[in-house]
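One structure is given here, and the rest of the page talks about it.
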Amino acid sequence: MSMIRQFANAQLRLWLWAQGIPNVADNAVAAPLNQLYVALHTDDPGETGVQSTLEVAYPGYARVAVPRSAAGFSISDDVASFANDVAFPASTGAGGTAKYFSIGTASSGAGSMWLRGTLTPNIGIASGVTPVVASETTMQLQ
């Protein structure tokens, strides 16, 4: 079974823009989640993973906050992308290779992972390298 494009688009807007789906889902009024966090991974964290699953660990690494709005994400039909390049802190030492990224709810620790995707090309991390996930990186519900 596949998701209908219109509903997939509505779900992306709910998750990434905090835009409710009338009569189905609303963004929390009292304490809404206003930003999401992008993480880098050395391999696929899998469908059951959390944000810290196979997360890179180079010196200076930290997840990057992205606004949960149109300022953080672009959505067209049922495809989302980052509104801007997502630049991570520069590495101050060796760090391996980032092959995947994820979007989740926590700035550190396990955190709930909402979306994940492949980085093409992979990002080799060495001292002085600033890893960047390009704004052209797309996410599509399947």
Handout entry: Surface per residue (accessible, 1.4 Å probe) for the chain, Å²
Key = 52
Handout entry: Value at 222 nm in deg cm²/dmol, rounded to 500, when DSSP H runs of n ≥ 4 in the chain each add -39,500 (n - 2.57)
Key = -3000 deg cm²/dmol
Completion exercise
Sorted by chain and number, the residues with a modelled amide H under 5 Å from that of Leu115, at a separation of 5 or more or across chains, are Ile103
Practice task
For the chain, with all protein chains present and a 1.4 Å probe, just round the carbon and sulfur fraction of the accessible area to a whole percent.
Solution key: 51
Exercise for the section: Give the angle, between 0 and 90 degrees and rounded to the nearest 10, that separates the Cα long axis of helix 5-17 from the longest principal axis of the Cα atoms of the chain. Expected result: 60
Completion exercise
Whole-number value, in Å³ per residue, for the convex hull of the alpha carbons of the chain is 111
Exercise for the section: Find how many whole Å separate the alpha carbon centroid of the stretch 109-139 from the alpha carbon centroid of the stretch 57-94. Expected result: 7
Exercise for the section: Return the sequence-ordered ³J(HN,Hα) values of the stretch 22-31 in whole Hz as given by the Karplus equation 6.51 cos²θ - 1.76 cosθ + 1.60 applied to θ = phi - 60°, using x for Gly and Pro. Expected result: x, 6, 10, 8, 10, 6, 4, 7, 6, 9
Handout entry: Where chymotrypsin sites (Phe, Trp or Tyr not before Pro) fall in DSSP loop in the stretch 40-137, at most 13 other Cβ within 10 Å
Key = none
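The values are calculated or read from the model by the stated rules, or taken from the named source; none is laboratory data. Because the structure is a prediction, the values reported are computed rather than measured. Please note: Cβ atoms are built from the backbone with ideal geometry, for glycine as well, and neighbour counts cover all protein chains shown. Heavy atoms of the whole protein, side chains included, go into the accessibility calculation; ligands, DNA and RNA do not. Shrake-Rupley method; radii C 1.70, N 1.55, O 1.52, S 1.80 Å.
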